[in-house]
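K.L.:
This is the structure I have questions about; it appears just below.
The values are calculated or read from the model by the stated rules, or taken from the named source; none is laboratory data. If you're wondering where the values come from, they're calculated on a predicted model, not measured in any experiment. Reconstructed Cβ throughout: ideal geometry from the backbone, glycine too, with neighbour counts over all protein chains shown.
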Amino acid sequence: QLLEEQFEAVVARHERIEPRDWMPEGYRRTLVRQIAQHAHSEIIGMQPEGRWLTRAPSLRRKAVLLAKVQDEAGHGLYLYSACETLGVSRAELTEMLIDGRQKYSSIFNYPTLSYADVGTIGWLVDGAAICNQVPLCRTSYGPYGRAMIRVCKEESFHQRQGYELLMTMMAGTDEQRAMVQESVDRFWWPALMMFGPPDDASPNTARSLAWGIKRNTNDELRQKFVDMTVPQAERLGVTLPDPDLRWDEERGAHDFGQPDWDELTRVISGAGPCNAERIAHRRRAHEDGAWVREAASAFARATKEPGRD
Amino acid sequence: QLLEEQFEAVVARHERIEPRDWMPEGYRRTLVRQIAQHAHSEIIGMQPEGRWLTRAPSLRRKAVLLAKVQDEAGHGLYLYSACETLGVSRAELTEMLIDGRQKYSSIFNYPTLSYADVGTIGWLVDGAAICNQVPLCRTSYGPYGRAMIRVCKEESFHQRQGYELLMTMMAGTDEQRAMVQESVDRFWWPALMMFGPPDDASPNTARSLAWGIKRNTNDELRQKFVDMTVPQAERLGVTLPDPDLRWDEERGAHDFGQPDWDELTRVISGAGPCNAERIAHRRRAHEDGAWVREAASAFARATKEPGRD
Amino acid sequence: GADLAAYCLGLGDDALVLSHRLSQWCSRAPDLEDDIAVANIALDLLGQARLLLARAAAADPAVVPALPEGSPAPDEDRLAYFREAAAFRCTRLAELEHGDFAHLVVRLLLFSTARLALLHRLAASRDHVLAAIGAKGATEVTYHRDYAARWVVTLARGTEESRRRLLAALEQLAPWHPEQLEAHPVATRLAEAGVGVDPAGTADEVGAVLAQVLDEAHAAWPEAPPRAGVRGRAGRDGMHTEALGLLLAEMQVVARAHPLGRW
Amino acid sequence: GADLAAYCLGLGDDALVLSHRLSQWCSRAPDLEDDIAVANIALDLLGQARLLLARAAAADPAVVPALPEGSPAPDEDRLAYFREAAAFRCTRLAELEHGDFAHLVVRLLLFSTARLALLHRLAASRDHVLAAIGAKGATEVTYHRDYAARWVVTLARGTEESRRRLLAALEQLAPWHPEQLEAHPVATRLAEAGVGVDPAGTADEVGAVLAQVLDEAHAAWPEAPPRAGVRGRAGRDGMHTEALGLLLAEMQVVARAHPLGRW
């Protein structure tokens, strides 16, 4: 009882809960689920862009993309570490990812079909991620919040790089401009879906807000993203594919159309364009690497016990 | 003794030995080795050209190449069947190929590096093969001779197709003409090596001639090939990369330089540019297919024994 | 013209792209007989693709990519080698990367069963070219389907390992099957005109054939929802998988390096 | 100029092509730490490639492929994306297709041991650009070599399976190693001028390092003859394996589709 009161007090003061502190079981479970999902998203998110590493059209872009995908692996690493402070190992989390018990962001179940997608993912997908994540730097769980600070810093760097790639392409040939527009057409709606279902269909939001795990509702964040993105699209010279998109003087915000929530449901439930391939890729890498990890453990054991080698 | 005399008499009359006939053990062994090597060459020979199936630059050429590589599989099939009449199964022969006990033509250990190679292989490699093989249609062992008749017919078709591809390319752009010349430069010497070492370094030739397995020596065939090819090269407009190549009025034949026999020795002994890759490819296909062949056998057994299914 | 061209591109690209995938098996099949059979099927499909691409070009020359003055490339090659992935109209089933031999035969079963039902009907098209393609193609694809069905049954009832692989391939590919049978505005309009076939109208027949094969294989159709597209768009709308771009990078490389080349 | 350009292309292409191969491992490594390490090595090599290709272009502009008027592609990209395979000067070791993780670390060990010996000497080049590339590169490649050596020892002494794979990779790759250390007229001439390094002069040092690693791995250098070239020509002469053409088909596809593009 006392413990629970202390916990509530820390949360209320917007201070951090640390791994050694007592926490309610539901809080821990919610955190594990959310941090794991976030970590998995970084790892699965290496694939759609990674597909273009071998086709990057300039050496500079190849280096930028390689560094970015490497950063994503790094983010996965911090976040798995944060999750391990809650008593779940990386190996367990990986198992839960590849057997489907844990999810990752639905956006990565869409295919990347042109090099412009590398830019669009940076601009829109990382942009949406940042909207989601900046408030999480103030999340109530210490290791998660600190990981997010580092992640967010790198994500905004990635976002700028993505936007800069699109800007460069828009200054190129007609084909390149068409490629950028086509890419934005494909990613706009999935990007909006990244904030999750509308608030009235999001049962866990209230609890997460109360615990200080989340700091804003899905719809608040989505609105913020749209308001932030519209002027960027104008500067870029692309059209966002939403006929209902307009500035609402009264609200001081943009009105916009609804994503296809049925499609989101299908994608989340596993029938998206790339779900099976993303998981299969991850599983194959994990299984193909098993003998290496075993060898490393065996070698570490052997060299620690000088008698055995 | 009587059997041996009968055998010699049949060979002397240039008639055929058939599977049911008695034959000397050395004759059988030599035949198995030669037919198997020939069959393996067809099968391994699918790889260098097969590499370009996915990059054939026109749909017509894609169809021609696919049909050709399919024919090679067919040739392998006849020849393995001919070999099976001598009491060695296809499975055993395949094992001997992939564990290196039996050889295949050294030419297929050279890489194919441009689409012109598809034409050059047809023109020079199939051309050399035909020189080798036409006399084999009259070989003393019946099943081998009959297989060769069919093989030779298709090979000359392939040779014409290869030559026609090169002719077409020579009528194309400068880049294409350079591609053809570069390809001929690479394949000329290896093609000459296809006839085997010079006669004075070919210890088995005499025995094979006596048995009627071979009908000509290596050097005779090589000379015939050069004489046949030089005017074709002229018509094509390419230069054969041999500064010593000239018409010898007196001999009524071309003089020509010597291939790099040390290179041939290295290639035959396994250190050629592609030996390990060719065998690894074949082994992988064989091993990857094991479960399928087992399933087919199991299913055949099960459906033959109605009680078991 | 535009509808007919789009329709022919769809059927032609299906054949072209699956033919290409099958040709990747060359020298890799479990036995020589299968190497030959698979190459044969690839050749048949390639032949169908060439006729259909030529028909598309004739129906609407605007679909044919322009090449530099003096290029001798025929229409079929311009369409095969000089279109971007997004201009291809194949269903996604045809373009998926290969897996093992079970994957090959299951895909071929799903593909050829749907295609056969379609070609049979196409033989009655008011367009004489399409009618001829339908009649000839149906004979070829009957053989493809029978080859695939025989192997599906054999693998399903062969060994434990082969059954496991066969069922895994079925599970993996079944969600891509419905796209083949989806109505599409282009096909619907051409069906009304008596020129094309609405694949949705073949669904019952296709389902019945597959049920019969699976029955003989002692297997059931997997309970898996169809794969979503992107905002409702899929292969016939030029919305493909990531695999197609890589396939085309390889397929088109020589042709594109020599737009004025003669082959 | 021509010699220096050819020499820089050789070292640059080695780095570019192996970097590309390593980037294909991205999201496929046995553990996240290795994913990060391998990407890092790929990035270092890509950086070296860019400097070396730029140096080649400066030394002899004639090696840079021409593009249509108005193309903004810098020299490094023209060289990377618009050369045919036969114009690449990398050794064949760098271009071979990947195998398993043992293959990755064995190739990296052979490659980085030879490259490190070379870069150390290059740091004393009379060409200031090459000297700087040598000095900076040596620091990077020391890390690459140590990473590879650590894994070679770990796998060799880890489990039976890992030892089997490590030895198989060693057997497979050892015949490609000598090509890295072969004297080549271009390098020999530049070495005499105090600009380049003759790789043949590094053979003893490279052999000693490898012997030390293999010793710690309880393994022996396989008895396998070096891979032949074609009529004496190998990678540095533009005579490559079949793998390079396929690698370039993928690597160059987007750049070549947009010769006037801005990226």
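K.L.:
Quick check, is residue C:244 hydrophobic (A, V, I, L, M, F, W, C), within 11 Å of another protein chain (Cβ to nearest Cβ) and surrounded by 19 or more Cβ atoms within 10 Å (Cβ to Cβ)?
P.N.:
Yes, satisfied.
K.L.:
Do any residues in region D:87-99 that are in contact (Cβ under 8 Å) with a residue 12 or more places away in the chain and surrounded by fewer than 20 Cβ atoms within 10 Å (Cβ to Cβ) have Cβ atoms under 9 Å from those of residues that are among the β-branched types (Val, Ile, Thr) and in a loop (DSSP other than H, G, I, E, B), where the two are at least six apart or on different chains, and which pairs are they?
P.N.:
Listed by first residue and then by second, the contacts come to D:97/D:241.
K.L.:
Does any residue in region C:21-49 that is facing chain B (nearest Cβ under 7 Å) and within 19 Å of residue B:81 (Cβ to Cβ) come within less than 6 Å, Cβ to Cβ, of a residue that is surrounded by 23 or more Cβ atoms within 10 Å (Cβ to Cβ) and charged (D, E, K, R) six or more places away or on a different chain, and which pairs are these?
P.N.:
Close Cβ pairs (under 6 Å, with a partner that is surrounded by 23 or more Cβ atoms within 10 Å (Cβ to Cβ) and charged (D, E, K, R)) amount to C:29/C:35.
K.L.:
For region B:49-97: of the residues being part of a helix (DSSP H, G or I) and β-branched (Val, Ile, Thr), which is surrounded by the fewest Cβ atoms within 10 Å (Cβ to Cβ)?
P.N.:
B:54
K.L.:
In the list C:175, C:199, C:226, C:222, which residue meets the criterion of being touching a helix residue (DSSP H, G or I) at 6+ places or on another chain (Cβ under 6 Å) and at the interface with another protein chain (Cβ under 7 Å from one of its Cβ atoms)?
P.N.:
Within the list C:175, C:199, C:226, C:222, the selection yields C:226.
K.L.:
State which residue is surrounded by the fewest Cβ atoms within 10 Å (Cβ to Cβ) when the search covers only region D:247-263 and only residues that are aliphatic (A, V, I, L, M) and without any contact (Cβ under 8 Å) to a residue 24 or more places away in the chain.
P.N.:
Looking at the filtered set, the residue picked out is D:257.
K.L.:
Looking only at residues in region D:217-228 that are out of contact with any Phe, Trp or Tyr (no Cβ under 6 Å at 6 or more places or on another chain) and in contact (Cβ under 8 Å) with a residue 12 or more places away in the chain, which one is surrounded by the most Cβ atoms within 10 Å (Cβ to Cβ)?
P.N.:
By that ranking, first place goes to D:217.
K.L.:
Follow-up question, since we're still on this one. Please work out which one of (1) within 14 Å of chain C (Cβ to nearest Cβ); (2) part of a helix (DSSP H, G or I) is the condition residue B:28 fails and give its number.
P.N.:
Result: residue B:28 fails condition (1) only.
K.L.:
Given the residues C:53, C:45, C:67, C:22, which is the only one that is crowded, with 22+ Cβ neighbours inside 10 Å and either in contact with a strand residue (DSSP E or B) (Cβ under 8 Å, 6 or more places away or on another chain) or over 28 Å from residue C:154 (Cα atoms) (or both)?
P.N.:
Testing whether each residue is crowded, with 22+ Cβ neighbours inside 10 Å and either in contact with a strand residue (DSSP E or B) (Cβ under 8 Å, 6 or more places away or on another chain) or over 28 Å from residue C:154 (Cα atoms) (or both) leaves just C:53.
K.L.:
Related question: Kindly indicate whether residue C:112 is polar (S, T, N, Q), more than 13 Å from the chain's Cα centre (by Cα), at pLDDT 95 or above and buried (at least 22 other Cβ atoms within 10 Å of the Cβ).
P.N.:
No, not satisfied.
K.L.:
When region A:161-187 is examined, which residues are found to be surrounded by fewer than 17 Cβ atoms within 10 Å (Cβ to Cβ) and β-branched (Val, Ile, Thr)?
P.N.:
Within region A:161-187, just A:173 meets the criteria.
K.L.:
Residue under question is residue C:102, and the condition is that it be more than 12 Å from the chain's Cα centre (by Cα), buried (at least 23 other Cβ atoms within 10 Å of the Cβ) and modelled with pLDDT of 95 or more; does it hold?
P.N.:
yes
K.L.:
Given the options A:61, A:29, name the one that is of a type in the set (Lys, Arg) and modelled with pLDDT of 95 or more.
P.N.:
Result of the check over A:61, A:29: A:61.
K.L.:
Quick one: in region B:209-258, which of the residues that are touching a helix residue (DSSP H, G or I) at 6+ places or on another chain (Cβ under 6 Å), in a loop (DSSP other than H, G, I, E, B) and among the charged types (D, E, K, R) is surrounded by the most Cβ atoms within 10 Å (Cβ to Cβ)?
P.N.:
Ranking the candidates gives B:214 first.
K.L.:
State whether one or more residues within region C:52-72 are closer than 30 Å to residue C:102 by Cβ, at pLDDT 95 or above, more than 7 Å from every other protein chain (Cβ to nearest Cβ) and in a helix (DSSP H, G or I).
P.N.:
Yes: region C:52-72 contains one or more residues that are closer than 30 Å to residue C:102 by Cβ, at pLDDT 95 or above, more than 7 Å from every other protein chain (Cβ to nearest Cβ) and in a helix (DSSP H, G or I).
K.L.:
Please go through region A:98-123 and pick out each residue that is assigned to a helix (DSSP H, G or I) and either charged (D, E, K, R) or within 14 Å of chain C (Cβ to nearest Cβ) (or both).
P.N.:
Once the filter is applied, which keeps residues that are assigned to a helix (DSSP H, G or I) and either charged (D, E, K, R) or within 14 Å of chain C (Cβ to nearest Cβ) (or both), region A:98-123 yields A:106, A:107, A:108, A:109, A:116, A:117, A:118, A:120, A:121.
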